[in-house]
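The values are calculated or read from the model by the stated rules, or taken from the named source; none is laboratory data. Note that this is a predicted model, so its numbers are computed, not measured. For neighbour counting, all protein chains shown are included, and Cβ atoms are generated from backbone atoms with ideal geometry for every residue, glycine included. To get the accessible areas, we keep the full protein, side chains included, count just its heavy atoms, and leave off ligands, DNA and RNA. Shrake-Rupley method; radii C 1.70, N 1.55, O 1.52, S 1.80 Å.
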Amino acid sequence: MIRARSDTLGIGVGLTLTLLLAAGLRIWGSGYDLPFIFHPDEPFNITVAQRIFKTGDLNPHYFNYPSLFFYINALAYGPYLAAGELLGIFRSGADILPPNSLMQGVTIAPTPSAVLLGRSVTICFGVGSAGLVYLIGRQLREGPWVGLLAALMVAISPTMVGLSRFVTSDSQVTFFALSSLLAALLAMKQGKTRHYVAAGLFAGLAASSKYNGALILVSLALAHAFRFGKQALWKRGLYVAAAAAAIGFIATTPYSILDPSSFMSGLRYEAAHYALGHAGMEGDAAGWYLGLMATTSGGLYLLAGFGIANGLWSRRKEVAIVVIFIAVYFAFISSFAVRNDRTFLLAAPFLFVLASDFAVDLISRLAGGILLPRFARGALIAACAGVLVTALSGSLSNTVAATRQLTALDSRQTARIWIDNYLPPKSRIAIEAYAPYVDPARFEVLAIGKMIDFPSEWYLEKGVEYLVYGEGMFGRYFARPDLYAAEISKYEAQFSRFFLEKVFEDGGYEVRIYRAR
């Protein structure tokens, strides 16, 4: 009895420390750019959530993403406003000012704490995903070790940590998809209606966070098939779950029904966007995702590959339920022209569960079942543990390095200060997306999507005195000369036509400032 309590306490301490680590890594660097916002999508997401909160109009009037993400962020403004009023910071919701964007990636936040509020919501979902992975691991094997190890992998993953710091829906959809998976595993084992309802409802909430979350339903379908076999189609649990999924989605993206034309327009736009391409984020999607895995948590993903093979070879149903989602989701995202880490994120915790399952299974087999002398078994276990620690260390090291890079002094900051101090007030300055923020109260700012949208002579005719280029825009073309020879030629023509005034490379981000005359 005493030992059982001690073990339970130890597990609780281990899980608590893991979740604290997950929270700490995500909080570190979460205010890296404030009061400016470098992320291209955060300003719009924040603005939509604030508009819903201030006006009470639940129609986001934007459906490239479904609505639950905006609603949850809008709800967060309730206690935020109440606390601000109590402290005398706000008198009403009108005092919470939205971000002011000159263009994509060039934004200032008049109320920086509102940005931190949205990022905190995302962090909560990221940390919650680590907790869910622990519970899922306990469904895969008896005992806590698969869950604890998988939770640690999620806690330190460069991809999962990095994407938990932005006001985007990716951590949220991952949380709800994992919730659905957990309920699906319970449905397979126990067959209770409440588990089917939960699995379907969470799948609906996942789809209502980001449309790709709907694919988690394949895990539920397989779990149901495993429980009932040939009779699966005649058992009501699957249909109860489907109804719950539909209710969950419609209840939290209600204007899919109330404003169907806008909803379908946004959905079609996003599908076309991924299908047709996005400059700097297109081509060889499958290879790119494999490269992302190798360069972020390569050792852990390699263990996941062994976990898939081991689980399928042993015909373990729990593993198959996890694998089916990975297989379907990876095939789905690899079919599009556009690829990015945000799209891959949803697969990461599922792979970490399988990596942990394999590692724990291998060490357990070596410890208890192999016919070797004790010293040889000990050496093998130590070697396996060493490989695991090395893989974990590599993942954590990459997370720390990425966060240090994120929080380092950035050229968008140093160039902005230089522009304020050295360029004459009222100078006419053209900036492209992802350039430093140029104060429109101090200068005449001409915001251009990308500088090559217009020829050099156009800028001279408009009286532009300086042109500010950001690597986030021009760099994407120079990184792929095989795809963007025409765009590179246009940029080089401008670079040779104008006079290079200053180059900034702080934090590994390049900003170029040219003088037109």
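What are the ³J(HN,Hα) couplings of region 270-278, residue after residue, when phi is run through the Karplus curve with 6.51, -1.76, 1.60 and θ = phi - 60°? Round to Hz, x for glycine and proline.
With the stated coefficients, region 270-278 comes to 5, 5, 5, 4, 5, 6, 8, x, 9 Hz.
What net charge do the residues around ARG26 carry, taking every other residue with its C-beta under 12 Å from that of ARG26, with Lys and Arg at +1 and Asp and Glu at -1?
+2
Can you list the aspartates and glutamates whose alpha carbon is less than 17 Å from that of LYS462, not counting same-chain residues fewer than 8 positions off?
GLU432, GLU444, ASP453
Report the full-extension gain for the segment ALA493 to ASP453: residue separation times 0.36 nm, less the Cα-Cα distance, to one decimal in nm.
Value of the extension gain: 13.1 nm.
With unit charges on the beta carbon (Lys/Arg positive, Asp/Glu negative), name the residue among ILE429, SER397, PRO440 whose Cα is farthest towards the positive pole of the charge dipole of region 386-517.
PRO440
Using a cut-off of 20 Å between alpha-carbon atoms, which lysines can reach LYS192, once sequence neighbours fewer than 8 places away in the same chain are excluded?
LYS230, LYS235, LYS317
For region 94-228, what is the charge dipole size about the Cα centre, in debye to the nearest 20, if Lys and Arg each add +1 at the Cβ and Asp and Glu each add -1 at the Cβ?
460 debye
Specify the inter-centroid distance of region 190-261 and region 436-486, based on alpha-carbon positions, in whole Å.
47 Å
Lys and Arg at +1, Asp and Glu at -1: add these up for the other residues within a Cβ distance under 14 Å of GLY507 and post the number.
-3
Could you work out the relative contact order of region 212-351, using alpha carbon pairs under 8 angstrom and six or more residues apart, expressed as a whole percent?
Details: 91 pairs, mean separation 49.7, N = 140.
Averaging sequence separation for qualifying contacts and normalising by length gives 36 percent for region 212-351.
Answer with one residue from PRO40, THR18, PHE70: the one whose Cα lies farthest towards the positive end of the charge dipole of region 3-93, charges on Cβ with Lys, Arg +1 and Asp, Glu -1.
Selected residue: THR18.
Can you give the local net charge around PHE38? Use residues other than it whose beta-carbon is closer than 9 angstrom to its beta-carbon, Lys and Arg +1, Asp and Glu -1.
-2
With an 8 Å cut-off on Cα pairs and a minimum separation of 6 or more residues, tell me the relative contact order of region 64-148 in percent.
Working: 51 pairs, mean separation 13.7, N = 85.
Computed value for region 64-148: 16 percent relative contact order.
Calculate, for THR47 and ALA408, the FRET efficiency according to 1/(1 + (r/R0)^6) with r their C-beta to C-beta distance and R0 25 Å; round to the nearest 0.05. All intermediate terms of the calculation are to be shown ahead of the outcome.
Numbers: r = 28 Å, r/R0 = 1.12.
Between THR47 and ALA408 the formula returns 0.35.
Apply 1/(1 + (r/R0)^6) to the Cβ-Cβ distance of TYR422 and VAL400, taking R0 = 41 Å, and write down the FRET efficiency to the nearest 0.05.
Taking R0 as 41 Å, the efficiency between TYR422 and VAL400 is 0.70.
With the Cα gyration tensor of region 172-287 in hand, convert its eigenvalues to equivalent ellipsoid semi-axes via √(5λ) and list them largest first in whole Å.
29, 18, 12
Relative to the present Cα-Cα distance, how much length would full extension add between ALA221 and PHE332 at 0.36 nm per residue of separation?
Here the segment from ALA221 to PHE332 would lengthen by 38.2 nm.
In debye, nearest 20, what is the charge dipole magnitude of the chain about its Cα centre with +1 on Lys and Arg Cβ and -1 on Asp and Glu Cβ, if you could check?
With only Lys, Arg, Asp and Glu charged at Cβ, the dipole is about 1960 debye.
ALA279 to LYS230: extension gain in nm, 0.36 nm per residue of separation minus the Cα-Cα distance?
Working: separation 49, 0.36 × 49 = 17.64 nm, distance 4.75 nm.
Extra length from ALA279 to LYS230 when fully extended: 12.9 nm.
Given R₀ = 41 Å, FRET efficiency for ALA479-LEU312 by Cβ-Cβ distance, to 0.05?
With R0 = 41 Å, the Cβ-Cβ based efficiency is 0.65.
May I ask which residue of GLY237, GLY128, ALA383 lies farthest towards the positive end of the charge dipole of the chain, with charges of +1 (Lys, Arg) and -1 (Asp, Glu) on Cβ and the Cα centre as origin?
So the residue furthest toward the plus end is GLY237.
Given C-alpha coordinates of the chain, what is the ratio Rg to Rh with the Kirkwood estimate of Rh?
Values: Rg = 25.3 Å, Rh = 25.1 Å.
My calculation of the ratio gives 1.01.
On a straight-distance basis, which aspartates and glutamates could pair with LYS210 in a cross-link, Cα separation under 16 angstrom, same-chain partners fewer than 8 positions away excluded?
Output for LYS210: ASP41, GLU42, ASP170, GLU270, ASP341.
Taking the full set of protein chains and a 1.4 angstrom probe, give the accessible area of ASP341 in square angstrom, rounded to the nearest 10.
60 Å²
Indicate the gyration tensor shape class of region 317-473 (rounded, prolate or oblate), computed on the Cα atoms with a ≥ b ≥ c the square roots of the eigenvalues: a/c under 1.5 is rounded; otherwise a/b larger than b/c is prolate and the rest oblate. Let's see the in-between values first.
Values: a/c = 5.54, a/b = 2.62, b/c = 2.12.
Cα axes put region 317-473 in the prolate bin.
With +1 on the Cβ of every Lys and Arg and -1 on the Cβ of every Asp and Glu, and nothing else charged, how large is the dipole of region 400-517 about its Cα centre, in debye rounded to the nearest 20?
Dipole about the Cα centre, nearest 20: 140 debye.
Suppose we look only past 23 Å in the calculated P(r) of region 1-135. What percent of the Cα-Cα pairs does that tail hold?
Numbers: 4136 of 9045 pairs.
Looking at region 1-135, the distances longer than 23 Å represent 46 percent of pairs.
Counting residues in region 117-171 as N, plug N into 2.2 N^0.38 Å and put the Cα Rg over that result.
1.19
Remind me, relative contact order of the chain in percent, using alpha carbon pairs under 8 angstrom and six or more residues apart?
15 percent
In deg cm²/dmol, rounded to 500, what helix-only [θ] at 222 nm does the chain give when every DSSP H run of at least 4 residues adds -39500 (n - 2.57) and the total is split over its residues?
Helices in the chain give a 222 nm mean residue ellipticity of -21500 deg cm²/dmol.
Where a ≥ b ≥ c are the square roots of the eigenvalues of the C-alpha gyration tensor, would you call region 460-517 rounded, which needs a/c under 1.5, or, failing that, prolate if a/b is larger than b/c, or oblate?
Working: a/c = 2.51, a/b = 1.26, b/c = 1.98.
It is oblate, given that a/c is not under 1.5 and a/b is not larger than b/c.
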